[in-house]
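**Student:** Take a look at the following structure, please.
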Ligand code: C2E
Ligand code: MG
Ligand code: MG
């Protein structure tokens, strides 16, 4: 605002640069917060070196920085600074005796053409930053009007997501996990859905946003509580006990009190721990902190599964070190089985490895009889996919349970 009031000496421009470090969450998750903080400090120092005296560098929060350039003669000068910043940030960082590389995405909004008040300028710079992210980061984008509509969609979703929990807009779908040998239902995986004004939104659309904003923590707790309550209710209705599998987010695994939360939910709902399975992904197990949390969860008696196995980076030694029960082979490897020789080799190898490590295996995304016939030759433990059932709303799953018996773990 001060810059705007001081700038009316014509023909001069000011620019707001909005920066967000690319994939900073991954840096936080893998290096830990201490090292990540050091990196943020180094970024701040480099930014200061890229601008002139009188310009402003600020950290607005998290991994977001804002730069204000004042008294600029031409647009080219702004591009030059943005490029200088990209190059400077991309230089290696020496931390704890190791070298790290990061990149940043920059959104640029120019005064006066792109906005005449501080709030608009910041908002538009933010939109432009998302446009830079969409181009895979490590670039800068000037604001243009059509970006406004896209980000208002994003902002609107963020606002709506804030209220969704208290308004009861979330619901769970249930997808059967079929026991390979008996053909019974070994359990169900709960999959989150958001009923946004009558439209069912898929988790792929809102979970990343919920993770970014931290909303995944209360939402995830709601999922756990609802899943455990429902599983106990089925048992009370006389169905044979089975497992309920819940997807955890990396954010949840970092919570220091996760074990207590889950223990509390189990006690409150009366569900025995052996009927709860937690699904984690490979990337979530990279941090040392995760090891402790997983051990604590194992002590609780719940089961642990690795989801989407084969798509992340697993140190194979982790598979032994962690107290795991199960691998779920990612559905991408089911494509064109058994015609696709690569997928045949991968799936065969994963099943053999899991068996020798004493882990159960689930094949995800089984859609065709051909896939099933192939998987029979390998003897997976469990199968999941559209061939048996899509994820179903509660009433339909309960109906299914009456036809396909559940089998205890
Ligand atoms: P996921 O845990 O790997 O879940 C399996 C996904 O594959 C589900 O998509 C399911 O509908 C889909 N699927 C199942 N069988 C088939 C099949 O035969 N063919 C195909 N093409 N797809 C199949 P959905 O429900 O859209 O969930 C997507 C992802 O969202 C999940 O992947 C999981 O990572 C995440 N998610 C879902 N619910 C939650 C939740 O409550 N918390 C967290 N943190 N993440 C969740
Ligand atoms: Mg899953
Ligand atoms: Mg999966």
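**Student:** Return only the number of the condition from (1) assigned to a helix (DSSP H, G or I); (2) touching a helix residue (DSSP H, G or I) at 6+ places or on another chain (Cβ under 7 Å); (3) within 21 Å of residue 325 (Cβ to Cβ); (4) away from ligand 3 (no atom under 16 Å from the Cβ) that residue 284 does not satisfy.
**Tutor:** Of (1) assigned to a helix (DSSP H, G or I); (2) touching a helix residue (DSSP H, G or I) at 6+ places or on another chain (Cβ under 7 Å); (3) within 21 Å of residue 325 (Cβ to Cβ); (4) away from ligand 3 (no atom under 16 Å from the Cβ), only one is false for residue 284: (4).
**Student:** Let me ask something else about it. Right, residue 302: more than 18 Å from residue 207 (Cβ to Cβ), within 14 Å of ligand 1 (Cβ to nearest atom), surrounded by 18 or more Cβ atoms within 10 Å (Cβ to Cβ) and more than 20 Å from the chain's Cα centre (by Cα) or not?
**Tutor:** Considered against the rule, which asks whether it is more than 18 Å from residue 207 (Cβ to Cβ), within 14 Å of ligand 1 (Cβ to nearest atom), surrounded by 18 or more Cβ atoms within 10 Å (Cβ to Cβ) and more than 20 Å from the chain's Cα centre (by Cα), residue 302 comes out as no.
**Student:** Can I ask one more? Of all residues in the stretch 311-330, which are within 16 Å of ligand 3 (Cβ to nearest atom) and either within 27 Å of residue 263 (Cα to Cα) or surrounded by 19 or more Cβ atoms within 10 Å (Cβ to Cβ) (or both)?
**Tutor:** 324, 325, 326, 327, 328, 329, 330
**Student:** In addition: What residue, among those in the stretch 293-305 that are part of a helix (DSSP H, G or I) and touching a strand residue (DSSP E or B) at 6+ places or on another chain (Cβ under 7 Å), is farthest from ligand 3 (Cβ to nearest atom)?
**Tutor:** 298
**Student:** Could you please tell me which pairs satisfy a Cβ distance under 8 Å, a separation of 6+ or placement on different chains, a first residue in the stretch 175-202 that is more than 20 Å from residue 387 (Cβ to Cβ), and a second residue that is in a loop (DSSP other than H, G, I, E, B) and more than 16 Å from ligand 3 (Cβ to nearest atom)?
**Tutor:** Short answer, once both residue conditions are applied: 194/169; 195/169; 196/169.
**Student:** Restricting to the stretch 37-76, name every residue that is within 16 Å of residue 111 (Cα to Cα), surrounded by fewer than 14 Cβ atoms within 10 Å (Cβ to Cβ) and without any contact (Cβ under 8 Å) to a residue 60 or more places away in the chain.
**Tutor:** 76 - this is the single residue of the stretch 37-76 that is within 16 Å of residue 111 (Cα to Cα), surrounded by fewer than 14 Cβ atoms within 10 Å (Cβ to Cβ) and without any contact (Cβ under 8 Å) to a residue 60 or more places away in the chain.
**Student:** Continuing with this model, one more query. Report whether or not residue 209 is under 23 Å from the mean Cα position of the chain (by Cα) and either in a helix (DSSP H, G or I) or under 30 Å from residue 87 (Cβ atoms) (or both).
**Tutor:** yes
Residues checked against (1) in a strand (DSSP E or B); (2) under 22 Å from residue 26 (Cβ atoms):
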| residue | (1), (2) |
| --- | --- |
| 277 | yes, no |
| 291 | no, yes |
| 307 | yes, yes |
| 312 | no, yes |
| 343 | no, no |
| 351 | no, no |
| 358 | no, no |
| 380 | no, no |
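**Student:** Could you identify the single residue in 47, 19 that is farther than 26 Å from residue 214 by Cα, in contact with a strand residue (DSSP E or B) (Cβ under 6 Å, 6 or more places away or on another chain) and not in a loop (DSSP other than H, G, I, E, B)?
**Tutor:** Within the list 47, 19, the selection yields 47.
A short reminder: the numbers here are calculations on the coordinates, not readings from a lab. Since we're looking at a predicted model, the values are computed, not measured. Cβ sites come from the backbone with ideal geometry, for glycine too, and all protein chains shown count toward neighbours.
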